[in-house]
1. Could you point to the residue in B:Ser32, B:His50, B:Ser17 farthest towards the positive end of chain B's charge dipole, with +1 and -1 charges on the Cβ of Lys/Arg and Asp/Glu respectively?
2. Among B:87-93, A:48-54, A:37-43, how do they line up from the highest to the lowest mean number of other beta-carbon atoms within 10 Å?
3. In the range A:55-99, which GluC sites (Glu not before Pro) fall in coil by DSSP and have 10 or fewer other Cβ atoms within 10 Å?
4. How many partner chain Cβ atoms sit within 10 Å of a residue's Cβ in peptide A:62-75, on average, as a whole number?
5. Counting only other chains, what is the mean number of Cβ atoms within 10 angstrom of the Cβ of each residue in peptide B:70-79?
6. What is the pair-distance distribution P(r) of the range A:5-113, computed from all Cα-Cα distances in 5 Å bins starting at 0, with each bin given as a whole percent?
7. Could you give the size of the charge dipole of the range A:58-103 about its Cα centre, using +1 on the Cβ of each K and R and -1 on the Cβ of each D and E, expressed in debye and rounded to the nearest 20?
8. Could you give P(r) for chain B, binned at 5 Å from zero, as whole percent values over all Cα-Cα pairs?
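Readers should treat all values here as calculations from the given coordinates under stated rules, not as data from a laboratory. These figures come from a predicted structure and were not determined experimentally. Ideal geometry is used to build each Cβ from the backbone, glycine not excepted, and the neighbour counts take in all protein chains shown.
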Amino acid sequence: MADLVIEREVLIEAPVQVVWRTVTEPDQMSLWFADRVELAIEPGAHGYMGFGDQGGPVVVETVEPPTRFSFRWNHPRGEEPVTGNSMLVEFTLTPEGDDRTRLRVTESGHELREWPDAEKQRYADEHQQGWGEFLDRLASVLGARRSG
Amino acid sequence: MTAQTDDELWSAIGDPSRRRVLDLLVSNGGVSASWLAGRVPFSRQMVSKHLVVLEQAGLIRRRKQGREVLYEVEAGRLDQATRAMADLAAQWDGRLAAIKRLAEAAHDEAKNKH
């Protein structure tokens, strides 16, 4: 069965080493991801990410500086994260020249686990790819039906 | 929505062939299993299996018209799935935008020191 994968990317005007540090250093992660990040950046390391008074465990999978970093999260407390009880987040950094980096993130595993309420905050979104195409199509058809 | 029904929902739409069936129902509505089978690259039996899973997940419903059984999408349920995925994608867009700001600021700062 193919995964339901969220896939996004961004082009950054900075060298790959700088982007790598921003993505992986815990004090940097606490600026773009969770409020509290306790994590050693090495494969197999168990850590914690806090979002306000909520939070949960996270386990590092891949650390290949400066191009690949992945972790699993959203698994039940006290369980080891595996395919089926967690989501896998993978960052891929690709240098494009000396001062530019393409950063891609995928998050997979959504079809295999329960849907956390914390993830259901409402945001507008206009730039979906892959899965997004299917969803866009659904949304437009459904929109037309509702107004029709 | 309970965790149980969520599991069903995500595994129902996680399969590409089922998404194909769902796509056809979204675009055409009110069609039979035979009609669907004529438009997909898999067997009529597979179509029936997919329809059962989609119906259990609440994504489609069936109605009888004469002797025929017709299938159509449950718009509310699909909408729910669409929105949940779009929300997650938008969260990642927000995080990537923050990484971009931080990395570019760090890079500018390093450049200015030279």
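1. Working it through, the farthest residue towards the positive pole turns out to be B:Ser32.
2. B:87-93, A:37-43, A:48-54
3. A:Glu79
4. Numbers: counts 0, 0, 0, 0, 0, 0, 0, 0, 0, 0, 0, 0, 0, 0.
If you average over the peptide's residues, the count of other-chain Cβ atoms is 0.
5. 2
6. 2, 13, 21, 25, 20, 12, 5, 2, 0
7. For this selection, approximately 140 debye.
8. Taking all Cα pairs of chain B, the binned fractions are 2, 10, 17, 17, 12, 9, 7, 5, 5, 5, 4, 3, 2, 1, 0, 0, 0 percent.
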